[in-house]
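A quick write-up on the structure given underneath.
The values are calculated or read from the model by the stated rules, or taken from the named source; none is laboratory data. Keep in mind the model is a prediction, meaning the values are calculated, not measured. Every residue, glycine as well, gets a Cβ built from its backbone with ideal geometry; the counts of neighbours run over all protein chains shown. In case anyone asks, the SASA skips ligands and DNA or RNA and just uses the protein heavy atoms, side chains included. Shrake-Rupley method; radii C 1.70, N 1.55, O 1.52, S 1.80 Å.
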Amino acid sequence: MAEKRAQFGTRLGVIAATVGSAVGLGNIWRFPYECGTGGGGAFLAVYILFVFLIGVPCICAEFSLGRSSRRGMPGAFRISGARKQWGFLGYAAILAAFMILAFYAVVAGWTLEYIIDSATGLFRDTPNSDRHAQFTGFISGWKAVLWTIVFLVINGLVMIGGVEKGIERVSNILMPILFLILIVFCINSLTMEGASEGLYFLFHPDISKLTPDVVLGALGQAFFSLSLGMGCLVTYSSYFADDTPLIKTSMQIAALDTLVAVLAGVIIFPAVFSFGMTPDQGPTLVFEVLPNIFHSMPGGSFWSFLFFLLLALASLTSIISVSEIIVAFLVDEFRMGRLKATMIITCISLVTGTLCSLSFGPLKSLNLFNIFDFTSSNILMPLGGLGVCAFVGWQMRRSDFTAQMKMNSKVPAFIFDYISIGIKYVAPAAILIIFIAGLF
Ligand code: PFF
């Protein structure tokens, strides 16, 4: 007899785990620097538009595929009498998951070092002029590799616990803590002198800042932040109960994920402005600029400890969702036990993660970190997103899709149309554009 498929135990658990996947480095590290270089309010406005116009339909497409097939990638594509060719999209998703796992663990590992440095007062004792050298020195060395390994091991331990006892339980604990820390930070940031300048930057859309690059950046950011295009939400929704309302859940996830990105902006930009810095520093914004700011703040070590703890917790609930894509694949396709699947994934990613970390030091010329980042975010994720929308929009039986969308919920006709048209036309067209632009 086939083993019963795991399921999330409660509706709250579904939200905590899925929002946990969405909220991660993408919101707290990537969003502020993308928004900072993309002109602030203009970027935010386009970003929000994309999340609801394209992101929500894509989430619904992944959910309908996952729950109707009760399979992860690539098994989900085998439903509805689909032809075999679709399966390759599933394998592309698995490859993307391995790549993201490797480079995500590296950046997540940096947050662990920063937690320790904050707690021991190293940041406080380092003059701001040495900050850049301190950061580049750290990421190019073996200590960064060590933290990558530590993060992957913690991830493995959660994964062994399973869907309900591992992922759901950890998400249920970590997500409320994360929101609490965010709120404490926002209050602190809003009371800073000069906070209004930062808020003006974040919320005032200056249309002249909207270049094609900014628009594309916002679309890519929406995909990454909502965990779209690599089957993560297909996999998670294969564990949803039949009574989980899919459209409502997709909107809740999109709203909460966007809220966290906006809150991260509310935390970072007022601080950046009130300390006379500029918001367009790029990827080092969180790791170099923020420590400078914490250094000059009363109670700086405490705030910096709390901030990097926030980043580490958010990274953990995201990285477990990336790992689950591969665990589900090994369990579904090879009937492997969860423990064995987790061990295999952990061993492989210990090697790839180490190579990615060393890309900032001895393996600079190979730079696997950038290769993995570029290939997964700019090629495999858009391709996967396009594939899922094309499959659900054009290949899946219409009645199956409608049944999934409407199961256990009253959906007004205009909402259903917005989702269906988004999946069939709007999202595929938009994704094709990022895909082509991302390549060139
Ligand atoms: N959404 C995560 C973040 O914003 O950090 C990253 C991510 C998780 C991407 C899971 C893709 C994925 F499948």
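Some values worked out for this structure:
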{"quantity": "In degrees, nearest ten, helix 212-225 long axis to first principal axis of the chain (Cα)", "calculated": "70"}
{"quantity": "Between the range 287-360 and the range 375-440, the Cα center-to-center distance that results, in Å", "calculated": "28"}
{"quantity": "Cleavage-rule hits (trypsin sites (Lys or Arg not before Pro)) in the range 1-101: DSSP loop, at most 14 neighbouring Cβ within 10 angstrom", "calculated": "K4, R5, R83"}
{"quantity": "On Cα atoms only, tilt of 169-190 relative to the major axis of the chain in degrees", "calculated": "40"}
{"quantity": "Whether the range 217-367 is rounded, prolate or oblate, judged on the alpha carbon gyration tensor where a/c under 1.5 counts as rounded", "calculated": "oblate"}
{"quantity": "Directionally averaged projected area (convex hull, Cα atoms, the chain), nm²", "calculated": "20.2"}
{"quantity": "Apportionment of accessible area to carbon and sulfur, the range 11-59, percent (1.4 Å)", "calculated": "77"}
{"quantity": "Spatial separation of Cα centroids for the range 223-246 and the range 143-218, in angstrom", "calculated": "19"}
{"quantity": "Among E333, E113, E62: highest mean-square fluctuation, GNM of the chain, C-alpha pairs under 10 Å", "calculated": "E333"}
{"quantity": "For the range 219-261: rounded, prolate or oblate by the Cα gyration tensor [a/c cutoff 1.5]", "calculated": "oblate"}
{"quantity": "Residue among G40, G265, G162 with the largest mean-square fluctuation in a Gaussian network model of the chain, springs linking Cα atoms under 10 Å", "calculated": "G162"}
{"quantity": "Helical mean residue ellipticity (222 nm; -39500 (n - 2.57) per DSSP H run of 4+; nearest 500) of the chain", "calculated": "-22000 deg cm²/dmol"}
{"quantity": "Crossing angle, helix 300-334 versus the chain [Cα axis fit, 0-90 degrees, rounded to tens]", "calculated": "20"}
{"quantity": "Rel. contact order, % - alpha carbon contacts under 8 angstrom, at least six apart, the chain", "calculated": "37"}
{"quantity": "Whole-number accessible area per residue in Å² for the range 328-440, which is evaluated in the context of all protein chains at 1.4 Å", "calculated": "49"}
{"quantity": "Surface per residue (accessible, 1.4 Å probe) for the range 9-99, Å²", "calculated": "29"}
{"quantity": "Choice from A341, A22, A105 showing the highest fluctuation, given a GNM over the chain with Cα pairs closer than 10 Å", "calculated": "A341"}
